[in-house]
Every structure is written in C-alpha cells, then in structure tokens.
Amino acid sequence: MGVLYDYFHAPDHTTATDQAIGPGGDWLRGSSLEDVGADWIDAKGLDPDVVLAQLVAFAEGVRLADQQDAPELVWPEPPYPQAGSDDPDSPWNTGLILQQLPDRWRDLLATLPEDAVPMVAAQWFEIEEVDFADYLHVKDTVETFMALASRARAAGAHVYCRCCL
C-alpha cells in the first residue's frame, strides 16, 4: 500500500487537527474526514511537498526551485523524536502527518484562469514523480484542486493535507 494524501479545508489548526487526526490530536479517537463532515478530496499519491508544489509552480509560471514557501507541519508537533526512538505512544509513530498549505497556494489555485488549465495540466502530466493515467485525468485533478481551493478561500479557511503512511 502506498502513501495516502487527503486534502481538505478548515478554519484553523485546531479544527484541522480535530478533523484529520482526532479530538485534541488523539489519533486513537480519530475518525474519517467524511465522518466529521469535512470538505475533502482523496489525492492518493499526490504529496504536497513535491507533486502539488510542482502544480503550483506551473500555475505560477516559475521553477519549483524558485518557490518561496512550502507546506507547514501542523501535527505531530515538536519536539522531534530522537533517532531510533520506538516509543509506541509517540504521535511520530502513528504514520499520520498533518500539513497546512500556504494560503498563497490556495489563492493561486482558486484564481487560476480556466484558459490556463490545459497548459498547466500538460506540464504537470510530464512530471516524473507521478504516473497519471492520461491527460484528462491530470486536467480533472487540476480542476479538483482548483475547486477545493476556491471553496476554502470563499470560506476564509486554509487548505490542509493529511498524510497516512
């Protein structure tokens, strides 16, 4: 099984943590994003740090290396574990990570002109990190991210990504 990525929007870190991890970060009491009524998308292997960052770079018309911002780790919170730590009660051993995407990324995707989508999708289709089924799949995925970003922006919310290892 691969790494799963779920993207959703929430008004703040506390709400995002409660929805994606569990109440107060209690991963043992957590439930699905669907069960808590979150507006979310299942993005399978589309990680925020490399794959989604490339989509944003293409939408902005810059190289990935020129990106000025990156997703922020929300959960687990520091302190980071010591190398070789195998504490079963550590949140670092849950396989869950929660990140907030930069609001600039949300705004860029929310306002991407429709006539730019074909070129952005064509560029994203060519990245080596993901084996998209075909161009139409890529275009649909771009539009799905645009729609989520637009809904988040309209709600005055942030976009988060829950990673499940």
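Here is how the numbers come out for the structure above:
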item	result
Label-point separation in nm, ASP131 to SER90, each point 7 Å along Cα→Cβ	3.4 nm
Between region 105-165 and region 1-69, the alpha-carbon center distance in angstrom	12 Å
Computed Rg/Rh of the chain, alpha carbon atoms with Kirkwood Rh	0.98
Solvent-accessible area, 1.4 Å probe, carbon plus sulfur percent, for region 18-95	48 percent
Contour minus Cα-Cα distance for VAL62 and GLU34 (0.36 nm per residue)	6.6 nm
Heavy-atom surface of the chain, accessible at 1.4 Å and reported per residue (Å²)	53 Å²
Angle in degrees between helix 135-155 and the longest Cα principal axis of the chain, rounded to the nearest 10	60 degrees
222 nm mean residue ellipticity, helices alone, for the chain (DSSP H n ≥ 4; -39,500 (n - 2.57); rounded to 500)	-10000 deg cm²/dmol
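The values are calculated or read from the model by the stated rules, or taken from the named source; none is laboratory data. Quick caveat, the model's predicted, so the values are computed rather than measured. Please note: Cβ atoms are built from the backbone with ideal geometry, for glycine as well, and neighbour counts cover all protein chains shown. Note: areas computed on protein heavy atoms with side chains; ligands, DNA, RNA excluded. Shrake-Rupley method; radii C 1.70, N 1.55, O 1.52, S 1.80 Å.
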